[in-house]
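Right, one structure below, let's go through it.
The values are calculated or read from the model by the stated rules, or taken from the named source; none is laboratory data. No experiment lies behind these values; they were computed from the predicted model shown. As a convention, Cβ positions derive from the backbone with ideal geometry for all residues, glycine included, and neighbour counts pool all protein chains shown. These area figures cover heavy atoms from the full protein model, side chains too; ligands, DNA and RNA do not enter into them. Shrake-Rupley method; radii C 1.70, N 1.55, O 1.52, S 1.80 Å.
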Amino acid sequence: MIIMRKKFFCILLTFSILFCAFSGCAFPAEPSSPVSKTGFYFDTVITVTLSDGEKESLLEECFAIAEKYEALFSASVSDSEISKINNAHKTPVTVSGETIALLKKGLEYCELSDGRFDITIGNLSSLWDFKTENAALPDEDAVKRAAAAVDYRNVVISGNTVQLKNPDAAIDLGAIAKGYIADRMKAFLNENGAAEGTINLGGNVLCLGEKKDGSRYRIGIQKPFDEHGTAAAVVEVTDQTVVSSGIYERYITVDDKIYHHILNPATGYPYENNLLGVTIICPDSVDGDGLSTTCFSLGLDQGMELAESLSNVEAIFITDDYQFHCSSGIGDTIPFEEMK
């Protein structure tokens, strides 16, 4: 029997700012009251909340930023720059500097993970359907063929041109694009005087600066597979991002076995490493995105070793016995509370 589950709740819960938001629209507030706007881009619910109601006019521009980058980076948008690269059949394609920047960042994590994180996974990931009620395992031969074509070393960048040398591969930046977009939103808001609030892209939470009252932002880490979005733990951060990757985000269950969306390029099937999820705390959301997937793919021991080797990076791993495994700064520089 195949059971299809959809994720209706954000992975991370923001407790620090109380607000009421309605999808797709911002609403007036008193100057001292928080304002919020919610929309849907990159197959993700995005919510931006500002503590200063006088900055409400900036919310619309934040979502224009999301729309702009979706048109550049999304492989599901037929005329995006990524789609043009994928459809060029080995011909170099000229793209924007921002697409080049995100591709280079993605390739950094491909190198760092020795290919366990790979941005050329597009044709493989497209075989897995975690959305429809009639989802099933993909054809085994198709998985093998698609996995054989995954190799980030086939992406060649020269100036502002990009060539994908293997036409059987496809670039998918979904594992890193949300973080890039969150960082660009934050830069825009800071440039325009918005100094306190949160940006939440489907659970990728980025906090703006310091809170005026001196307290930290309290960000919840979701209990895996909890359908109510209950927090299993809370971290307290200032001007940092909190990003999680977990097997509970998108998955199907076939014959009592879970198949999740974090795919191993070497096999074409989901990673099996006894991890339920990884949360990264660091300054930039694009790095939180890349590291959360990279550390998950490396497994607990190697992933923790990587996190400990990087400056300004902390990590929280949840194993399949629902135990937390934290890097050295968690509970020290980053206050941490496990919820009972």
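Going residue by residue through segment 114-123, is there one that turns out to be surrounded by fewer than 20 Cβ atoms within 10 Å (Cβ to Cβ) and part of a helix (DSSP H, G or I)? No: zero hits. Only one of the numbered conditions (1) of a type in the set (Lys, Arg); (2) open to solvent by less than 60 Å² (accessible area, probe 1.4 Å); (3) modelled with pLDDT under 95 is not met by Lys105, and that is (3). Considered as a group, the residues in segment 213-230 that are over 16 Å from Ser244 (Cα atoms), open to solvent by 10 Å² or more (accessible area, probe 1.4 Å) and not acidic (Asp, Glu) include one that is modelled with the lowest pLDDT, and that residue is His228.
In the condition set (1) closer than 30 Å to Glu140 by Cα; (2) in contact with a Gly (Cβ under 6 Å, 6 or more places away or on another chain), Tyr269 is compliant with all but (2).
Of the residues making up segment 124-174, those that are under 20 Å from Thr94 (Cβ atoms), outside any loop (DSSP other than H, G, I, E, B) and either aliphatic (A, V, I, L, M) or touching a Cys at 6+ places or on another chain (Cβ under 9 Å) (or both) number 6.
Assigned to a loop (DSSP other than H, G, I, E, B), within 18 Å of the chain's Cα centre (by Cα) and within 28 Å of Gly268 (Cβ to Cβ) - does that describe any residue in segment 90-105? Checking segment 90-105: not a single residue is assigned to a loop (DSSP other than H, G, I, E, B), within 18 Å of the chain's Cα centre (by Cα) and within 28 Å of Gly268 (Cβ to Cβ). Per this entry, Asn86 is not counted among residues that are open to solvent by less than 40 Å² (accessible area, probe 1.4 Å), over 23 Å from the mean Cα position of the chain (by Cα) and modelled with pLDDT of 95 or more. For segment 17-38, indicate whether the set of residues that are at pLDDT below 95, within 24 Å of Gly203 (Cα to Cα), part of a strand (DSSP E or B) and under 21 Å from the mean Cα position of the chain (by Cα) is non-empty. The answer is yes; a qualifying residue exists. The residue of segment 190-212 that is nearest to Ser57 (Cα to Cα), among those that are over 20 Å from the mean Cα position of the chain (by Cα) and buried (at least 19 other Cβ atoms within 10 Å of the Cβ), is Ala194. Just one of the listed residues (Glu56, Glu111, Glu81, Glu61) is charged (D, E, K, R) and touching a Ser or Thr at 6+ places or on another chain (Cβ under 8 Å), namely Glu81.
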